[in-house]
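Each remark here refers to the structure printed beneath this line.
Only the coordinates and a few stated rules stand behind these numbers; no lab work does. All figures in this text were calculated on a predicted structure; none of them were measured in a lab. Note: ideal-geometry Cβ built from the backbone for every residue, glycine included; neighbour counts use all protein chains shown.
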Amino acid sequence: MKRTLGDLAEFVGGRVVGDASTEIVGCAPFEAAREGDITFVRGEKYLARLDETRASAVITPLETTSAGKSILCVKNPQLAFAQLLTLYYQKPYEPTGVHEGAAVSATARLGLDVSVGPCAVIGDRVVIGDRVDVRSGVYIGDDSSIGDDSVIHPNVSIYRGTTIGRRVILHSGVVVGSDGFGYVRDEDTHVKIPQTGGVTIEDDVEIGANSTIDRATMGQTVIKQGAKIDNLVQVAHNVVIGENAIVVAQVGIAGSTKVGRNVILAGQVGVADHIDIGDNVIVGAQAGVAKNIPPHQVVQGSPSMPQRDFLRSSVLIPRLPQIKRIVDDLARRIKALEEHVGNK
Amino acid sequence: MKRTLGDLAEFVGGRVVGDASTEIVGCAPFEAAREGDITFVRGEKYLARLDETRASAVITPLETTSAGKSILCVKNPQLAFAQLLTLYYQKPYEPTGVHEGAAVSATARLGLDVSVGPCAVIGDRVVIGDRVDVRSGVYIGDDSSIGDDSVIHPNVSIYRGTTIGRRVILHSGVVVGSDGFGYVRDEDTHVKIPQTGGVTIEDDVEIGANSTIDRATMGQTVIKQGAKIDNLVQVAHNVVIGENAIVVAQVGIAGSTKVGRNVILAGQVGVADHIDIGDNVIVGAQAGVAKNIPPHQVVQGSPSMPQRDFLRSSVLIPRLPQIKRIVDDLARRIKALEEHVGNK
Amino acid sequence: MKRTLGDLAEFVGGRVVGDASTEIVGCAPFEAAREGDITFVRGEKYLARLDETRASAVITPLETTSAGKSILCVKNPQLAFAQLLTLYYQKPYEPTGVHEGAAVSATARLGLDVSVGPCAVIGDRVVIGDRVDVRSGVYIGDDSSIGDDSVIHPNVSIYRGTTIGRRVILHSGVVVGSDGFGYVRDEDTHVKIPQTGGVTIEDDVEIGANSTIDRATMGQTVIKQGAKIDNLVQVAHNVVIGENAIVVAQVGIAGSTKVGRNVILAGQVGVADHIDIGDNVIVGAQAGVAKNIPPHQVVQGSPSMPQRDFLRSSVLIPRLPQIKRIVDDLARRIKALEEHVGNK
């Protein structure tokens, strides 16, 4: 299909400065773009460099009449670019039905236009919504449910009794509903505490490859609407992750911790158990959180501290030997002064 | 089945204070319990608050005649509660036999009452004990063995020649027996050192979702009896993990390290290679262990130090800028004093 | 087959001191070796202890005429030992053909002597080279390709459009080509940025169990020739890992970061996004890299610093309370001196 810059402006809700009839054949980053592509710039500083890209059109946040390039003005260029990437490159979902090599329980209920790949296993009384794409090797345990338009990538394991919302994406290797890590000591041995609760994943959640979400001991582990979780993240039993939270790769969240709305946990962060992280908190990479954090704080470090303190103190760590030398020198000089003064 | 408080007292070995004929229909946490439930309290401080739960009975460690509630007195209330959770909520194992979609070698030997799920693969000369539950998508390589009453959750991969004991639980995505990370440098390239050893997992071990246990270069990587390993843990080649050790999520243990009995490694701990961690050691979350640790130590920090030192020094990190300012101020004042004194 | 020490010397390119006709039946570590085995020592300090091993022959880097033992002299004993381990213990690849329980697209092209295990899924237009071993439960998405002599272990997931070279080894649970973690904020929600790029894995790469390699937003995530990646490693979108780099377990590398040739990232290292790590850099365990690192540097710590600084400063961390006490004492004494001097 042939698409002009004018078509794209209509699609993303923007305004063209220049030639609206320019044909756009693809999307590409600023440096890699070729003739026929559209690209985007985020800030004013790139506006002066528009002639450095070979793209035929540029999405910008600002009105400009810059020479040579056609411009597509929108409020949020990155958002418009994401929408165009979807338009150009994302193949629409085509249902393939249930593969003959899948094992689907007779008591499972499947919605309209579902796909179930080879070697997928769907347990008793499972409910699958419309247009759900269950890829090969996926396991869905008894009494689970998956909402409309969700995608479950190959080799995901979903234990029994898991509730998954609409438009959820689970990447390969994700495990949902495995037993929480709970034991009670009985003399020399650890007796397993049965993990009788479940996991609820709300609408619009995406979970990255090989992340693990444990079921609750009792009650539910909950990933709330719109939360995005990266790869290799550990979410322990009874954790609640708030709406639209961002959890970056290799984060670990221990049992019963509550993560607020819009929280950002950067890569490799660890959060202790029974912690309350307020809404809109940002936790810097590799931080270790062992205390509650009030809303809107930005923290970093292990143990975590306000980011301002972290930035100021962490530059002093490599200078500790020098500080130690200064202190030793001062001690020597004070001793000399004391002796000198005392001698008088 | 109808169960009275008296029945439960008999089951867990406790004593009823109050009405032993109270019917108990389920188990729940203190706050969430409803009429008919039994709950538990751990410490004395909760005894005064027994009227705050709607549970019909409470398990406590102490004798009490507290008003209104029936009491079940036991030495270890959490243990009794775990036993009751099992009694009420854990479905007894029901063997399903070998699914027609499984691929079982003709030379494999299966015990009595086993279950083998769809798309499970069992290699040559594998020996599977009685009542073993091999779920869908599991791979068990040639010459491996699995002891009685073990559960291998969906999509676990067990490489050839792995020995697994009785009552072992492997959660989804676990990989056992993958090659250790061993190369020898030959000019510009890394030549793979064949990993010719194996993995031995003893009785009563549980391993969490997506954890990885590498096979030994030569000899065995060993997880000893009763050790419990959480999700996303890395155990490298030739590691030995001691009896009843607790290894929390995202811990990484490098090659040939020995972890003693009853050791606790908290979340995200890293242990270097060829380290010896003594019995009963506790390593705090995110610690980095690069030296041997004698038995019974409690350490924290990266690099790790005695926990007492860690607690005292880590509070000073955010105060480093202030300490630096004090030192600078002292230096200035000493200079002034020296000049003043020198001038006399 | 009977092999003498002389045969082995010829095989690895070394020279025998002693009895070349000694029969060698196996390889073992220094302490565990038995009669008939060959073992190796790395340094001179072991030469004096050659009588402590029961091995019938020892590989050493130095010429020696040491009593009793036959010696195999080579430049790189560990390399020779790895070659002998391969000779003695590695079974040659035997193709098994395509299992009837595999699901192979009619449009896929398979090379000579391939193996495709039960429940493996091979998508449309996939190209598989000669002698490729695709184990059970593996998923290979449409339009991917795998070069000659590669081994894809059970339950690996390879998303569509992935390019994999020759002699590549992917261990169980590896995920290649999952979506990068990219969203653009639109008021309160996160809009997914389609990840339209791919992943290229060059020849001779090995990737450990449950590691994840995300596809590029646009362009390619690249693992270059000979790089070795351990278990549970996260490689984000658009990352490039250089030739022969070593990436140890649980490392996380954020988006668009470039890792140079021969770089070593030790266990649990985190690298921020858009970072450039120069060739031959070594990053110590648990380090956090948030700035570019020039070639040939050795860094450690979080935030990372030159290793020399790290070693000197990290020993002072546990001594901070003592330093603080000294500073407080100095402040008191200076105050006294000032009063004393001022009083005069």
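Could you point to the residue in A:Met305, A:Val175, A:Gln322 farthest towards the positive end of chain A's charge dipole, with +1 and -1 charges on the Cβ of Lys/Arg and Asp/Glu respectively? Comparing the listed Cα positions along the dipole, A:Gln322 ranks first.
Residues of the range B:73-90 falling in the label zone of A:Arg185, defined by backbone nitrogen less than 19 Å from a point 7 Å along Cα to beta-carbon, are B:74-83. Each residue of the range A:281-288 is assigned a 3J(HN,Hα), and the resulting list reads 6, 10, 10, x, 3, 6, 5, x Hz, derived from the Karplus form 6.51 cos²θ - 1.76 cosθ + 1.60 (θ = phi - 60°), x at Gly and Pro. Taking every residue in A:77-89 and counting other chain Cβ atoms within 10 Å of its Cβ, the average works out to 4. Look at the stretch B:23-29: the mean tally of other chain Cβ atoms within 10 Å of its residues' Cβ atoms is 2. Under the simplified labelling scheme, the A:Glu10-A:Asp113 pair shows an inter-label distance of 2.3 nm, with each label point 7 Å from Cα along Cα→Cβ. Inter-copy label distances at A:Gly111, using a point 7 Å along Cα-to-Cβ, come to 4.2, 4.2 nm with the shortest given first. Working note: 222 nm ellipticity from helices only, DSSP H runs with n ≥ 4, each -39,500 (n - 2.57), summed and divided by the residues of chain C, gives -5000 deg cm²/dmol to the nearest 500. Beyond 32 Å in Cα-Cα separation lie the following of the pairs A:Lys291/C:Lys258; A:Lys258/B:Lys228; A:Lys228/C:Lys228; A:Lys228/C:Lys291: A:Lys291/C:Lys258. The distance linking the range B:209-251 with the range C:60-108 is 26 Å (Cα centroid to Cα centroid, whole angstrom).
Taking 4.7 Å between C-beta atoms as the pairing limit, chain C has these partnerless cysteines: C:Cys27, C:Cys73. Near C:Ile164, the amide H atoms lying under 5 Å from its own belong to C:Ser145, C:Ile146, C:Gly147, C:Ile201; only residues 5 or more places off or on other chains count, and H is placed 1.01 Å from N. Under 5 Å between amide hydrogens, built in the peptide plane, is the criterion, and for B:Val251 it picks out B:Gln234, B:Gln268, B:Val269 among residues at least 5 positions away or on other chains.
For chain A, the relative contact order comes to 6 percent (Cα pairs under 8 Å, sequence separation of at least 6). For the protein assembly as shown, the Kirkwood estimate of the hydrodynamic radius, built from every pair of different alpha carbons, is 31.1 Å.
Across the identical copies, the label point of C:Gln297 (7 Å from Cα in the Cβ direction) is separated from its matches by 3.1, 3.1 nm, in order from shortest. Structural descriptor for the range A:1-136: relative contact order 17 percent, calculated from alpha carbon pairs under 8 angstrom and at least 6 residues apart.
The order of B:Val299, C:Val341, going from fewest to most other C-beta atoms within 10 Å of their C-beta, is C:Val341, B:Val299.
Out of the range C:59-112, which trypsin sites (Lys or Arg not before Pro) are coil in DSSP terms and have no more than 14 other C-beta atoms within 10 Å? Those that pass, being in a loop and sparsely packed, are C:Lys75. Where chain C is carried onto chain A by rotation, the Cβ closest to that axis, with its residue and distance in Å, is C:Cys119, 3.
Scalar couplings 3J(HN,Hα) for the range B:242-256, obtained by applying the Karplus form with A = 6.51, B = -1.76, C = 1.60 to θ = phi - 60°, are x, 4, 6, 5, 10, 10, 7, 3, 6, 5, x, 10, 7, x, 6 Hz; x denotes Gly and Pro.
Could you tally the net charge around A:Arg312, taking each other residue with its Cβ under 13 Å from the Cβ of A:Arg312, Lys/Arg +1 and Asp/Glu -1? Its environment carries a net charge of +4.
Counting charges near B:Ser21 (Lys, Arg +1; Asp, Glu -1) among other residues having Cβ under 12 Å from its Cβ returns a value of -1. Calculate I(q)/I(0) for the range A:97-309 by the Debye formula, one identical point scatterer on each C-alpha and no solvent, and give its log10 at q = 0.09, 0.12, 0.18 Å⁻¹ to two decimals. For the range A:97-309 at q = 0.09, 0.12, 0.18 Å⁻¹, log10 I(q)/I(0) is -0.36, -0.61, -1.14. Build a GNM of chain C with springs between Cα atoms under 10 Å: which of C:Pro303, C:Pro118, C:Pro154 gets the top mean-square fluctuation? Evaluated over chain C, the most mobile residue of the options is C:Pro303.
Placing unit charges on the Cβ atoms only, positive for Lys and Arg and negative for Asp and Glu, gives chain C a dipole magnitude near 1340 debye about its Cα centre.
Cross-link pairs exceeding 20 Å between alpha carbons, from the set B:Lys335/C:Lys335; A:Lys224/C:Lys192; A:Lys69/A:Lys91; A:Lys335/B:Lys335; B:Lys324/C:Lys335; A:Lys91/C:Lys192: A:Lys69/A:Lys91. Distances between placed amide hydrogens fall under 5 Å for A:Val98 paired with A:Val116, all partners being 5 or more residues away or on another chain. Counting other Cβ atoms within 10 Å as a rough exposure proxy, the listed residues B:Ile59, C:Ile326 run C:Ile326, B:Ile59 from fewest neighbours to most. Placing a label point 7 Å from Cα along the Cα-to-Cβ direction at A:Arg185 gives distances to the equivalent points in the other copies of 4.5, 4.5 nm, listed shortest first.
Each residue of the range C:89-103 is assigned a 3J(HN,Hα), and the resulting list reads 10, 8, 5, x, 5, 10, x, 10, x, 9, 5, 5, x, 8, 10 Hz, derived from the Karplus form 6.51 cos²θ - 1.76 cosθ + 1.60 (θ = phi - 60°), x at Gly and Pro. Around A:Thr212, with a cut-off of 13 angstrom between Cβ atoms, what is the net charge of the other residues, counting Lys and Arg +1 and Asp and Glu -1? In short, -3. Taking the Cα centre of the range C:157-212 as origin and assigning +1 to Lys and Arg Cβ atoms and -1 to Asp and Glu Cβ atoms, the resulting dipole is close to 200 debye. Between A:Asp328 and B:Arg319, the distance separating the two model label sites (each 7 Å from Cα on the Cα→Cβ line) works out to 2.3 nm.
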